[in-house]
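What follows is a set of notes on a single structure, which appears directly below.
The values are calculated or read from the model by the stated rules, or taken from the named source; none is laboratory data. Just so we're clear, the structure is a prediction, and the values are computed from it rather than from any experiment. Cβ atoms come from the backbone with ideal geometry, glycine included; neighbour counts cover every protein chain shown.
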Amino acid sequence: MRNMDEAATSGAMFPGLGFWTAILSAALTAVYIGLLGFLMLTGDTLPPDEPLQTILHILILLCLPVFVFLWVLIHDSAPMDRKIFSLASVAFIAIFAALVAVNRFVALTVEPQGLALGKTAGLAWFMPYEWPSVMLAIEMLGWGFFFGLAWLSAATVFQEGALEKTIFWTLVITALLNLASSVALVINQFNWIGLVAPLAWGLGPIAAFILIAIWFHRQA
């Protein structure tokens, strides 16, 4: 009976690693949002001019493995009776990372090299910011649908306590905004995406990462 109780309430095995991974996730997201904010303040539009466009692609590629590792640490820290949901969350964040990585790597390779070689036939389908574009649809499938599912599944880990409930609702709200963005793309409402983007991919994740860092710190 004691072993079952301990298993049901298992805590973080690597709280220090979880804390710093969450802080790194928040920092990388803040830098990305800061660069986009700079882009808006200077009156530039998407796609941004070089070298900012390349910097943004590389920054996202750096974020992806950090996010996946953070989700693995959250799964490791989840109580046994909620690990099925945290494991699903890891699967969703892995799919998200794969989809977004494909778009960003294509943007770093196929797009500039195709333009440089003058091979532009069909290239519009692979542009990271143009619409309609296969790559943008793939990216939005990641950021909208699977990122939303990852947040929603991870939220189930955080139940008891004031901090945990704050994390729960932060993750749920962020998830719903992400899912809404994918619906907006399906019905061709780009204005909706612009409305939810600052919270869905900016302030929401940053707040969630900071709260999760505090959660890990308390378990140290």
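Yes/no per residue for (1) charged (D, E, K, R); (2) modelled with pLDDT under 95; (3) touching a helix residue (DSSP H, G or I) at 6+ places or on another chain (Cβ under 7 Å); (4) not in a helix (DSSP H, G or I):
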position	(1), (2), (3), (4)
Glu160	yes, yes, no, yes
Thr170	no, no, yes, no
Asn191	no, yes, no, no
Val196	no, yes, yes, no
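In region 58-71, the condition of being touching a residue at least 60 places away in the same chain (Cβ under 8 Å) and more than 20 Å from the chain's Cα centre (by Cα) is met by no residue. Is at least one residue of region 172-189 surrounded by fewer than 20 Cβ atoms within 10 Å (Cβ to Cβ), closer than 19 Å to Leu87 by Cβ, at pLDDT 95 or above and more than 15 Å from the chain's Cα centre (by Cα)? The answer is no, given that none of the residues of region 172-189 is surrounded by fewer than 20 Cβ atoms within 10 Å (Cβ to Cβ), closer than 19 Å to Leu87 by Cβ, at pLDDT 95 or above and more than 15 Å from the chain's Cα centre (by Cα). Scanning region 103-147 for residues that are free of Cβ contacts under 8 Å to residues at least 40 places away in the same chain, surrounded by 18 or more Cβ atoms within 10 Å (Cβ to Cβ) and of a type in the set (D, E, K, R) gives a single hit, Glu111. Scan region 171-181 and give yes if some residue there is without any contact (Cβ under 8 Å) to a residue 40 or more places away in the chain and more than 29 Å from Pro15 (Cα to Cα), otherwise no. Yes.
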